[in-house]
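Reading through the structure tokens given below for one structure.
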Amino acid sequence: MKKHEIEFKLNGDTKKVEVESNDVLLDVLRYKLGIKSPKVGCDRGDCGTCTVIMNGKTVRSCLVLAVEAHGADIVTLEGANSRKWTQRLQKKFHEKNSFQCGFCAPGVILSATELLEKNPKPTTRDIKEAIAGNLCRCTGYEPIIAAIEETVKGK
Ligand code: FES
Ligand code: FES
């Protein structure tokens, strides 16, 4: 398999990695760079556990070829922790016990961060749409939506 050297920004730092043509970003982040917040769930774009922010938009990193990340700006939950809305969301989810196993949590928090950075006063419908691609097997979504709504209200 052909090797490629790619370079991209990861949480503000420049990373250079050698990848193969069919490597996906999720595997490069987890297994070559030790970034563990994006999780391996379905591995086919259905569950959202592998969500990262790429060039300002959330993407499913299991669907992004590593070579496509060359020159990109990638942010994972580890790097998003300094963002205002990410911090507030995490605090609120923690206070309200809005996750159970937590496997979906990084993806949900990043999707909610993207929403609130674009629209700080979303409706419940906006919130549901924003996290529609992030599946949660444990909570039934109500505590997740409630935590995002309370984050918006600053309660
Ligand atoms: S692991 Fe990427 S969408 Fe499920
Ligand atoms: S808290 Fe377990 S999958 Fe969401």
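What the table below lists for this structure:
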| item | result |
| --- | --- |
| Asn22 over 27 Å from Cys138 (Cβ atoms), polar (S, T, N, Q) and within 15 Å of the chain's Cα centre (by Cα) | no |
| Residue in the range 75-96 that is surrounded by 13 or more Cβ atoms within 10 Å (Cβ to Cβ) and within 13 Å of ligand 1 (Cβ to nearest atom) present | no |
| Of all residues making up the range 14-52, the number that are away from ligand 1 (no atom under 12 Å from the Cβ) and either under 22 Å from Ala80 (Cα atoms) or assigned to a helix (DSSP H, G or I) (or both) | 12 |
| Selected residue (criterion: farthest from Lys36 (Cα to Cα)) from residues of the range 104-130 that are of a type in the set (A, V, I, L, M, F, W, C) and free of Cβ contacts under 8 Å to residues at least 40 places away in the same chain | Ile127 |
| The one condition in (1) farther than 30 Å from Met1 by Cβ; (2) within 16 Å of ligand 1 (Cβ to nearest atom); (3) in contact (Cβ under 8 Å) with a residue 40 or more places away in the chain that Cys101 fails to fulfil | (3) |
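Just so you know, all these numbers are worked out from the coordinates, no wet-lab data involved. Note that this is a predicted model, so its numbers are computed, not measured. Every residue, glycine among them, receives a Cβ derived from its backbone with ideal geometry; neighbour counts consider all protein chains shown.
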